1. Please verify whether Asp333 is more than 23 Å from His252 (Cα to Cα) and surrounded by 17 or more Cβ atoms within 10 Å (Cβ to Cβ), treating the condition exactly as stated.
2. Six or more apart or on different chains, Cβ atoms under 7 Å: show the pairs whose first residue is in the stretch 134-147 and closer than 10 Å to Leu182 by Cβ and whose second is surrounded by fewer than 16 Cβ atoms within 10 Å (Cβ to Cβ) and not hydroxyl-bearing (Ser, Thr, Tyr).
3. Can you find a residue that is without any contact (Cβ under 8 Å) to a residue 12 or more places away in the chain and more than 27 Å from Leu185 (Cβ to Cβ) anywhere in the stretch 316-329?
4. Just one of Thr220, Thr153, Thr192, Thr212 is in contact with a Pro (Cβ under 7 Å, 6 or more places away or on another chain) and without any contact (Cβ under 8 Å) to a residue 60 or more places away in the chain; which is it?
5. Take the residues in the stretch 173-185 that are assigned to a helix (DSSP H, G or I) and surrounded by fewer than 21 Cβ atoms within 10 Å (Cβ to Cβ), then tell me which one is nearest to the chain's Cα centre (by Cα).
6. Considering only residues of the stretch 266-291 that are touching a residue at least 24 places away in the same chain (Cβ under 8 Å) and in a helix (DSSP H, G or I), which is nearest to Tyr324 (Cα to Cα)?
7. Could we say that Glu154 is more than 19 Å from the chain's Cα centre (by Cα), at pLDDT 90 or above and among the charged types (D, E, K, R) here?
8. If I ask for residues that are surrounded by 15 or more Cβ atoms within 10 Å (Cβ to Cβ), within 19 Å of Leu338 (Cα to Cα) and over 32 Å from the mean Cα position of the chain (by Cα), which ones from the stretch 287-317 would you list?
Amino acid sequence: MPNDRPRPPRSGSSSGRNDRSDRRPVRGRDSDDRRPSRDRDSDERRPARPALTAAEQKSREVYARTGGRRTEGSGAPTARPVRKKVEWVDEGAVKKTARKAVQRGVAPRGRSQGENRGENRVPGIPRSDRPLPSDISRDVEKSVGVRQSQSTTERLQKAIDAFEYERYEDAARLLQVLSRQLPGLALVHEMTGLCAYRQAKWRTAVIELEATRVLDPARTTVLPVLADAYRALRRWSKVNQIWTEIKDLSPHPSVLAEGRIVAAGALSDQGKLADAVHLFDSVLNVPKRVQDYHLRQWYMAGDLHDRSGNIVEARRLFARVMQYDAEFVDVADRLSHLGPVR
């Protein structure tokens, strides 16, 4: 008797594959729509959010109009932290100098920041509570026009004030704006270079002070600072070149003295102590009126003699500095370690 039950299909037949495929759950791009969503279920079980307070509603309205200040918990995405660009500085010879006292970047001795006002001055510029020189004001007006000249001049005076009080970061921020407004003004480049120098940003100092020289060759006061920045970068040929230029220009004695100190420091950094000492042979006599730059040269010469092993001459020079200014840098300590003058 024939069996009325249908025979199961053989494996490998097309009908068998189709039957199995019909029974197998289909998974594809639309499969999520066929399955119940856990997120939707959880949303249904989740209690409704409380209504926004008036302050929260106002905050979101302000954010929608202006972009707002993104903070945690405001409902808006948190702003990605801004990474500050780190400028790598090759301090080079600065770490190897004999004493911090002979560095130009050292603040005046034993005085507070407020008392330094007047000593930390931009050459040729009066105190910031006085009007700028007329030629500077004219240059500002030519660059930005009459309407913006007042605000630009005020920003420049604020930068000078910040520099005088040794707030170099504040001054640098103001000067960054001024450099775009007044790209041809030598004063802006000079102050930017001096701020960078005081912050040990040697490459920036070199760029800005070189620009100052191009715009105004008469600003000889920047030459020793520029030479010392090159010295920090261990670019000895540039230091020698600027020192030669300073001697040929025959500037104010204070500029010449600063250039000599930097040139001698560069020689000592290279281990050429005898050549460095020789640079001071013509400036060791006592003048009728002793100035600060005389003390700086004598101190540097004494330091070089001390390092060269000439203790007698080092002691004599330190004693001379002590005679005119007992608080000059660390001269009292240096002299006490060397012993009394015989």
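1. Judged against the criteria, Asp333 is not a match.
2. Ser143/Gly184
3. Yes: the stretch 316-329 contains one or more residues that are without any contact (Cβ under 8 Å) to a residue 12 or more places away in the chain and more than 27 Å from Leu185 (Cβ to Cβ).
4. Thr220
5. Our first condition is that a residue be assigned to a helix (DSSP H, G or I); within the stretch 173-185, this holds for 173-181.
Checking the rest, the ones that are also surrounded by fewer than 21 Cβ atoms within 10 Å (Cβ to Cβ) come to 173, 176-177, 179-181.
Values: Arg173: 10, Gln176: 11, Val177: 15, Ser179: 15, Arg180: 18, Gln181: 20 Å.
Looking at the filtered set, the residue picked out is Arg173.
6. Looking at residues that are touching a residue at least 24 places away in the same chain (Cβ under 8 Å) and in a helix (DSSP H, G or I), I get Val283.
7. Yes.
8. Gly302, His305, Asp306, Arg307, Ser308, Asn310, Glu313, Ala314, Arg315, Arg316, Leu317
The values are calculated or read from the model by the stated rules, or taken from the named source; none is laboratory data. As the structure is a prediction and not an experimental result, all values here were calculated from the model. Every residue, glycine among them, receives a Cβ derived from its backbone with ideal geometry; neighbour counts consider all protein chains shown.
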